[in-house]
Amino acid sequence: MHAPSPSLTARRAMHGNNALQIGLFGANCSSGRAVTLVPERWSGSWPDNKKLAVMSDEAGIDFLLPIGRWKGYGGDTDYQGTTLETITWATGLLAATKRITVFGTVHAPIFNPVVAAKEMVTADHISEGRFGLNIVVGWNEGEFDMFGVEQRGHEDRYEFAQEWIDVIKLIWSDREDFDFQGKYLNMKGIKGKPKPFGGTRPVIMNAGASATGQAFAVKNCDAFFLQASRTSLEESAQRVRRAKDAARAQGREIGCYTVGVVTCRPTKKEAEEYFHHCIVECADWSAVDSILALKNITPQTVPMAEFLSQRSGYAQGMGGLPIVGDPDHVANQLADLSKAGLTGVAISLVNYLNELPFFCDEVIGRLQRMGLRENRKQ
Ligand SMILES: Cc1cc2nc3c(=O)[nH]c(=O)nc-3n(C[C@H](O)[C@H](O)[C@H](O)COP(=O)(O)O)c2cc1C
């Protein structure tokens, strides 16, 4: 049976009807997003990813978002040192699933856009319109040296990314046999068939945090990741409003998403104890310190109090919003994010496969009863 061709609206809704979309973030990397030594930390292996994708698909999870990472962060675990490349990872998972949207997280500076456009179209056809693109321009991590590609200055990265996405959107459009002459890209006689599945195009996402990164997202993307405030719902709501207003000023609608780091257990006490065990007692502190050093955050460069607060923030899910508690608490926190205007939350779990069934039974069930999610469990 063939699914009807998805409209861009259906793609943006991740082929569902959930007021609050839920995705899983970071499962293509070893340790996922928990910088921890605990033995049950995430393997990132293909069999585990495949099982997780099938389980998520059946449970009605909306999307899987990978991390584009080429080198681990070292430490005792070589945090995120083993990673599956994201477009090929997505393609395999899309072939194994029926409804879930799977993103590729693609570094514009190291993927030729003609090759990337075709790889993504291939994933999109295999999945009948469930592939999504998360564009990244590269963080300040020195990953680029191993490609022999020079990392551009911050502003130039986004200027380049603009040309890159322009070429890709042209290839995905009805244009055939065209030249592209930009400041960075000079390409002749460009062709690309087939076009994306169903005459639309993949959903495009970006997570720029700087003013330039946000302007890029607002101009080019359907989905924008922003950091939710850890202390104020109103502050999160303002961030959402600012992004949506900026998009509307350009005649565009943008969905806003954030990152949550979930520890959910039957009781608050159990959740807090596990969180403390993983992320404080058993944190891979040497990996945390090397992540911070790449961002030039060391005891020598910032005041000690700030260093320590950044240190614990990074151990707790690399800056995502920690959501720790019993199912009522976790569901209420997620509902609050929806009230702040967020379209979706990409969550991570220490061991996705072990923890997802409880999360789905208890938290998703509550969100359904709150009217934030449809009941589409098989
Ligand atoms: C949800 C999320 C996912 C991201 N994924 C990646 C990634 O996989 N690879 C990467 O190099 N950068 C990733 N980033 C970094 C952003 O793309 C962006 O570079 C960062 O937020 C800094 O913003 P700026 O580029 O505007 O300075 C991610 C950020 C967020 C919040």
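Considering the range 31-72, and only residues there that are aromatic (Phe, Trp, Tyr) and open to solvent by 10 Å² or more (accessible area, probe 1.4 Å), the residue that is farthest from the ligand (Cβ to nearest atom) turns out to be 46. Filtering the range 225-239 to residues that are buried (at least 23 other Cβ atoms within 10 Å of the Cβ) and more than 29 Å from residue 354 (Cα to Cα) leaves only 236. Scoring residue 137 on the criteria (1) of a type in the set (A, V, I, L, M); (2) closer than 20 Å to residue 65 by Cα; (3) open to solvent by 70 Å² or more (accessible area, probe 1.4 Å) leaves a single failure, condition (3).
What pairs can you find where one residue is in the range 54-83 and free of Cβ contacts under 8 Å to residues at least 12 places away in the same chain, the other is open to solvent by less than 40 Å² (accessible area, probe 1.4 Å) and part of a helix (DSSP H, G or I), and their Cβ atoms are less than 9 Å apart, with a gap of 6+ or different chains? Once the first residue is free of Cβ contacts under 8 Å to residues at least 12 places away in the same chain and sits in the range 54-83, no partner that is open to solvent by less than 40 Å² (accessible area, probe 1.4 Å) and part of a helix (DSSP H, G or I) comes close enough. If you go through the range 224-253 and keep only what is touching a residue at least 60 places away in the same chain (Cβ under 8 Å) and within 17 Å of residue 107 (Cα to Cα), you end up with just 225. If a residue has to be assigned to a loop (DSSP other than H, G, I, E, B) and within 12 Å of the ligand (Cβ to nearest atom) to count, how many in the range 114-157 make the cut? The number of residues fulfilling the criteria is 9. If you go through the range 190-221 and keep only what is open to solvent by 10 Å² or more (accessible area, probe 1.4 Å), part of a loop (DSSP other than H, G, I, E, B), within 13 Å of the ligand (Cβ to nearest atom) and touching a residue at least 40 places away in the same chain (Cβ under 8 Å), you end up with 207, 210. Taking (1) hydroxyl-bearing (Ser, Thr, Tyr); (2) open to solvent by less than 40 Å² (accessible area, probe 1.4 Å); (3) touching a residue at least 24 places away in the same chain (Cβ under 8 Å) in turn, residue 298 satisfies each apart from (3). Checking 224, 160 one by one, the residue that is in contact with a helix residue (DSSP H, G or I) (Cβ under 7 Å, 6 or more places away or on another chain) and either assigned to a loop (DSSP other than H, G, I, E, B) or within 17 Å of residue 340 (Cβ to Cβ) (or both) is 224 and no other. Residues in the range 86-109 that are free of Cβ contacts under 8 Å to residues at least 40 places away in the same chain and either part of a loop (DSSP other than H, G, I, E, B) or within 13 Å of the ligand (Cβ to nearest atom) (or both) were compared, and the one that is surrounded by the most Cβ atoms within 10 Å (Cβ to Cβ) is 104.
Being modelled with pLDDT of 95 or more and either under 27 Å from residue 11 (Cα atoms) or over 21 Å from the mean Cα position of the chain (by Cα) (or both) is the requirement here; does residue 320 meet it? When the stated conditions are applied, residue 320 does not pass them.
The values are calculated or read from the model by the stated rules, or taken from the named source; none is laboratory data. These figures come from a predicted structure and were not determined experimentally. When we count neighbours, we look across all protein chains shown, and the Cβ atoms used for this are built from the backbone with ideal geometry, even at glycine. Only protein heavy atoms, including side chains, enter the accessible area calculation; ligands, DNA and RNA are left aside. Shrake-Rupley method; radii C 1.70, N 1.55, O 1.52, S 1.80 Å.
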